[in-house]
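The values are calculated or read from the model by the stated rules, or taken from the named source; none is laboratory data. Owing to the predicted nature of the structure, the values given are computational and were not obtained by experimental measurement. Methodologically, a virtual Cβ is constructed for each residue, glycine included, from the backbone with ideal geometry; neighbour enumeration extends over all protein chains shown. Areas reflect the complete protein model, heavy atoms only, side chains present, ligands, DNA and RNA absent. Shrake-Rupley method; radii C 1.70, N 1.55, O 1.52, S 1.80 Å.
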Amino acid sequence: MKYQTHTFGCKVNTYDTGLIQKNLSNQGFVHTKSHQESLNSEVADQPRIHVLNTCAVTAEATKEAVKMIRKLKAQDPFCTIVVTGCAAQVDTDQFENLPGADLVVANSHKSLLPGLLNDYFKGTLKHKIFKSNIFKKEDLEQEGGIESSHTRSFLKIQDGCNSFCSFCIIPYARGKSRSISILDLVKKVNELQSLGHQEVVLTGVHIGDYEDGQNKIEDLVETLLLQTSVPRFRLSSLEPIEVSDRLLELYQDSRMCPHFHMSIQSANTDVLFQMKRKYTQTEVRDSLLKIDKKIKNAFIGMDVIAGFPTETEDQFADTYLTLATLPWTRLHVFPYSERKGTRAADAMKVSVPYHERKQRAQRLRELSANRYQERGQAQVDQIQKALVLKNSAKGSQALTRHYWPVRLPNSNLEELKGKEINVKLDRFVWSGGSSQDGYLEGSLI
Ligand code: SF4
């Protein structure tokens, strides 16, 4: 039978979808094309099964999945819909009585999905929901997937989280932190390289939690640099206290892309305390200054939440002024949104009015837009190595090691897809929107 997967949320989910595809294909189910293509294809080719690998990071994310279930059933009332992923684990009630959701397989049971689907079609299943205590989950589903159409490969090194930040639902959706062994990851990276992948992004739910016996993230990176020859490594996301001197030392190896994604969430110590983050404003400052000092022209992106329930106007101003004086490249700003099942949403009696959250977010976005332009301009006339993308995202045809999107208007890159090239960066193009919209125009050298 033909199936199609639909992935919501983060890169870890993308990786996990790869495993779902592998497991289903191994059981004789036939993977069909992307959603858009299957819509245009003959009914005969329409997949009979839709597997939704859902996200629950916000209430909105779960609603997206419910919306898609209704749409798919409207398109084909006889198709079978399987809901798996984080929303199936923490928002199970949203699918329990949802007519379109035929089978709900929470993260606790994700690896059993093909067998459950077979039993479903045999009619031997007694109920539609399969879920248990996620904190008892040991397996890591490590043989996840490689999106062959991608140039850059996201490699899951870790899953789950032990932090329980007060605004976050992820530990309840993915369980405690678990890591893939260094041995398996070296094998995986060499496999990716043999398949032609030029860049590997080490990803996970909380990669700073990485642990293989006594080994930490620094040991993993060091071993990968020694035992593999992939040209580009990138780390997905780190917290300020996880940017150790030893890790920054490893960035002296040019294969480590000088790009940091930091989930800081705030730069005010009282707010960080209420968020149950394990660092203060001082550690935010120190980590950024350290990177700036040790890694020349590093690209630093940061996640920030605006309008956390306990955040006062003064505390927000403190975050804003602190960030304005520190070195970074761009902010990803999220107005706080209540997530049922988190301490911040369920237990905190105070909250910031929604319009006020949006205003604070807008102010941070403006700060970020100005900074991104400044840093973009500073790249002009530089020569940087850029990886030509197979699928040009948002119009950018290549990505520098520093994480700058590049377009090469006067070059035909067809033959160079998946290859790394030297580019002279000629000008920074800014469309005036948020700090996600600028790119560099360059020429091949
Ligand atoms: S570190 Fe905090 S925000 Fe990140 S996944 Fe864990 S609990 Fe969520």
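Just a yes or no: is a residue in the range 195-202 open to solvent by 10 Å² or more (accessible area, probe 1.4 Å), at pLDDT 95 or above, part of a strand (DSSP E or B) and more than 12 Å from the ligand (Cβ to nearest atom)?
no
Can you tell me how many residues within the range 284-305 are in contact with an Asp or Glu (Cβ under 9 Å, 6 or more places away or on another chain) and open to solvent by less than 70 Å² (accessible area, probe 1.4 Å)?
Within the range 284-305, residues that are in contact with an Asp or Glu (Cβ under 9 Å, 6 or more places away or on another chain) and open to solvent by less than 70 Å² (accessible area, probe 1.4 Å) number 5.
Conditions first: (1) within 16 Å of the ligand (Cβ to nearest atom); (2) at pLDDT 95 or above. Ser337 passes all but one, so which condition is the exception?
That leaves (2) as the condition not met.
Are there any pairs, at least 6 apart or on different chains, whose C-beta atoms fall under 8 Å, with the first in the range 369-380 and among the hydrophobic types (A, V, I, L, M, F, W, C) and the second open to solvent by 50 Å² or more (accessible area, probe 1.4 Å), and if so, which?
Partner pairs satisfying both residue conditions: Val380/Asp426; Val380/Arg427.
Looking only at the range 359-379, count how many residues are open to solvent by 10 Å² or more (accessible area, probe 1.4 Å) and not in a helix (DSSP H, G or I).
Looking only at that region, the number is 0.
Within 22 Å of Arg152 (Cα to Cα), charged (D, E, K, R), surrounded by fewer than 17 Cβ atoms within 10 Å (Cβ to Cβ) and at pLDDT 95 or above: does that describe Lys424?
Yes, satisfied.
Has the range 27-40 got at least one residue that is outside the structural domain of Leu202 (by TED's automatic domain parsing), charged (D, E, K, R) and modelled with pLDDT of 85 or more?
no
Could you list all residues from the range 51-93 that are within 17 Å of the chain's Cα centre (by Cα) and among the small types (Gly, Ala, Ser)?
Ala56, Ala61, Gly85, Ala87
Report, ordered by the first and then the second residue, all pairs with beta carbons closer than 7 Å, sequence separation of six or more or different chains, a first member in the range 274-297 that is on the phi > 0 side of the Ramachandran plot, and a second member that is within 15 Å of the ligand (Cβ to nearest atom).
Note: pairs meeting the criteria are Lys276/Phe164; Lys276/Cys165; Lys276/Ser166.
Go through the residues of the range 409-420 one by one and say whether even a single one is at pLDDT 95 or above, open to solvent by less than 50 Å² (accessible area, probe 1.4 Å) and of a type in the set (A, V, I, L, M, F, W, C).
No, that holds for no residue.
Determine whether the range 157-166 contains at least one residue that is among the small types (Gly, Ala, Ser), in a strand (DSSP E or B) and either open to solvent by 40 Å² or more (accessible area, probe 1.4 Å) or not assigned by TED's automatic domain parsing to the domain that holds Asn391 (or both).
no
Over 13 Å from Phe8 (Cβ atoms), in contact with a strand residue (DSSP E or B) (Cβ under 7 Å, 6 or more places away or on another chain) and within 16 Å of the ligand (Cβ to nearest atom): does that describe Ile134?
no
Can you tell me which residues in the range 162-194 are over 16 Å from the mean Cα position of the chain (by Cα) and within 16 Å of the ligand (Cβ to nearest atom)?
Asn162, Ser163, Phe164, Cys165, Ser166, Phe167, Tyr172, Gly175, Lys176, Ser177, Arg178, Ser179
Among the residues of the range 312-335, count how many are open to solvent by 10 Å² or more (accessible area, probe 1.4 Å), hydroxyl-bearing (Ser, Thr, Tyr) and outside any helix (DSSP H, G or I).
Qualifying residue count for the region: 2.
Out of Tyr439, Tyr403, I need the residue that is surrounded by 15 or more Cβ atoms within 10 Å (Cβ to Cβ), under 23 Å from Lys296 (Cα atoms) and in contact with a Ser or Thr (Cβ under 6 Å, 6 or more places away or on another chain). Which one?
Tyr439
Out of the range 41-70, which residues are open to solvent by 80 Å² or more (accessible area, probe 1.4 Å) and at pLDDT below 90?
Matches in the range 41-70: Glu42, Val43, Ala44, Arg48.
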